[in-house]
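Before any comments, here is the structure.
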Amino acid sequence: RSGAGAWRAAVTRTLNPHPAPSPTGYSLARQRPPIRSRVSRLEARHFVAGSFSGNKRSRMPTSPQGFESRLDQLRNDLVDQGRRVQTMLEEAFDALFQRSADRARSVVIRDDIIDSADVAIERAAVSLLGDATRQGASLTDVQLRTVLTIVKVNNELERIADSASEVATLVAQLRPDAQPYPDTFRVMANSVVGILRDSNVSVLRSDPNLAKVVLQSQHAVTAFKDALLRDAEHKIAAGFMPPDFAFHLHELANQCELMADHCTNIAEQIIYLTTGGIVRHVESAWIEIPKN
């Protein structure tokens with residue numbers, strides 16, 4: 001795929017010096033209930049501090065059963081984090097389509113909650129493994145892989161939240177008279193939300209089949225991005241799209257593709273945890289590495 005700089009140069013060469021008027025607006029089909037316009041960082045810290053039992057150190061029994069009870073709580077914390085990130089992403093796209101600066105600012109502040117939760121989950125995982133080592137607990141291979149998977153998935157969720165925050169930040173770049181978003185981008189955004197939802201469900205259910213659906217869905221996001229950029233080039237050449245708006249679309253498409261990539265990383269971890277299979281992306285296809 002060509003980089004943003006190459007794409008910018010390509011579309012700039014096609015500029016029409018007399019662009020045509022922008023098309024009429026596009027109304028948002030679905031309205032979400034309003035959210036608070038302000039969420040303080042102090043509230044975010046208190047929210048997370050009270051949400052994770054992993055923050056409460058307790059002596060772990062030296063048995064796989066005692067380890068499992070804390071591991072179950074870590075899984076629950078990870079599922080809750082996935083739901084937070086999904087809500088944040090939905091709010092980011094709603095702010096974008098509604099062109100609401102207030103809602104966009106609230107999304108950016110929500111990222112503090114995600115970051116605090118990310119740190120809390122990782123610390124709880126490290127604490128759990130440290131206690132197991134010090135107390136000589138006998139742990140199964142599955143339990144150890146589960147802890148490592150939780151840490152990896154937790155990191156991917158935090159990166160998705162970062163991209164959601166970037167989407168919200170882009171709201172401020174829109175001019176008041178900016179044209180509506182193409183339908184292709186709206187479908188692309190909905191696809192990314194759906195992929196994240198399926199990723200979260202695959203984590204909740206430890207479902208490798210759903211994780212494989214996530215892997216295949218990532219190709220659709222890439223196809224949407226390619227179609228979106230081709231259409232933008234044609235519209236710039238015909239004078240129907242200002243180059244600034246085209247570059248704005250390009251950045252949004254990049255963030256969507258990045259979030260889909262993080263979701264496939266989550267899916268890979270779930271497949272490995274539940275089946276032992278290792279999947280890799282090779283030449284536009286997902287393949288499973290044969291087991292030795």
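The values are calculated or read from the model by the stated rules, or taken from the named source; none is laboratory data. Being a predicted model, the structure only gives us computed values, none of them experimental. Neighbour counts are summed over all protein chains in view; Cβ atoms, including those assigned to glycine, are modelled from backbone coordinates with ideal geometry.
Between Ser217, Ser163, Ser202, which is of a type in the set (Ser, Thr, Tyr) and touching a Pro at 6+ places or on another chain (Cβ under 9 Å)?
Ser202
Taking only pairs six or more apart or across chains, which ones have beta-carbon atoms under 6 Å, a first residue in the stretch 164-191 that is within 18 Å of Leu258 (Cβ to Cβ), and a second residue that is charged (D, E, K, R) and part of a helix (DSSP H, G or I)?
Every condition considered, the pairs that remain are Ser165/Asp111.
Within the stretch 145-162, is there a residue that is without any contact (Cβ under 8 Å) to a residue 12 or more places away in the chain and either among the β-branched types (Val, Ile, Thr) or assigned to a helix (DSSP H, G or I) (or both)? Break it down into steps so the answer makes sense when it comes.
Kept after step one, since they are without any contact (Cβ under 8 Å) to a residue 12 or more places away in the chain, are these residues of the stretch 145-162: 148.
Still in the list and also either among the β-branched types (Val, Ile, Thr) or assigned to a helix (DSSP H, G or I) (or both): 148.
Scanning the stretch 145-162 turns up at least one residue that is without any contact (Cβ under 8 Å) to a residue 12 or more places away in the chain and either among the β-branched types (Val, Ile, Thr) or assigned to a helix (DSSP H, G or I) (or both).
Within the stretch 121-133, does at least one residue satisfy the condition of being within 26 Å of Asp198 (Cβ to Cβ), surrounded by fewer than 19 Cβ atoms within 10 Å (Cβ to Cβ) and in contact (Cβ under 8 Å) with a residue 24 or more places away in the chain? Working first, answer last.
In the first step, residues of the stretch 121-133 are kept if they are within 26 Å of Asp198 (Cβ to Cβ); the result is 121-122, 124-125.
Subset that is surrounded by fewer than 19 Cβ atoms within 10 Å (Cβ to Cβ): 122.
So of that shortlist, the ones also in contact (Cβ under 8 Å) with a residue 24 or more places away in the chain come out as 122.
Yes: one or more hits.
Name the residue that is modelled with the lowest pLDDT, counting only residues in the stretch 62-79 that are part of a helix (DSSP H, G or I), in contact with a helix residue (DSSP H, G or I) (Cβ under 8 Å, 6 or more places away or on another chain) and more than 16 Å from Arg123 (Cα to Cα). Break it down into steps so the answer makes sense when it comes.
If we filter the stretch 62-79 for residues that are part of a helix (DSSP H, G or I), which is where we start, we get 64-79.
Subset that is in contact with a helix residue (DSSP H, G or I) (Cβ under 8 Å, 6 or more places away or on another chain): 64, 67-68, 70-71, 73-75, 77-79.
Remaining after also requiring more than 16 Å from Arg123 (Cα to Cα): 64, 68, 79.
Details: Pro64: 62, Glu68: 83, Val79: 97.
Filtering first and then ranking leaves Pro64.
Could you look through the stretch 134-164, keep only residues that are hydrophobic (A, V, I, L, M, F, W, C), more than 24 Å from His250 (Cβ to Cβ) and at pLDDT 95 or above, and pick out the one that is surrounded by the fewest Cβ atoms within 10 Å (Cβ to Cβ)?
Within the stretch 134-164, the first condition is being hydrophobic (A, V, I, L, M, F, W, C), and the residues that meet it are 137, 139, 142, 144, 147-148, 150-151, 153, 157, 160-161, 164.
Imposing the further condition that a residue be more than 24 Å from His250 (Cβ to Cβ) reduces the set to 137, 139, 142, 144, 147-148, 150-151, 153, 157.
Adding the requirement that they be at pLDDT 95 or above leaves 150-151, 153, 157.
On the way: Ile150: 24, Val151: 18, Val153: 26, Leu157: 28.
That would be Val151.
Yes or no: Val167 under 18 Å from Glu268 (Cα atoms) and surrounded by 15 or more Cβ atoms within 10 Å (Cβ to Cβ)?
Working: under 18 Å from Glu268 (Cα atoms): no; surrounded by 15 or more Cβ atoms within 10 Å (Cβ to Cβ): yes.
No: the conditions fail for Val167.
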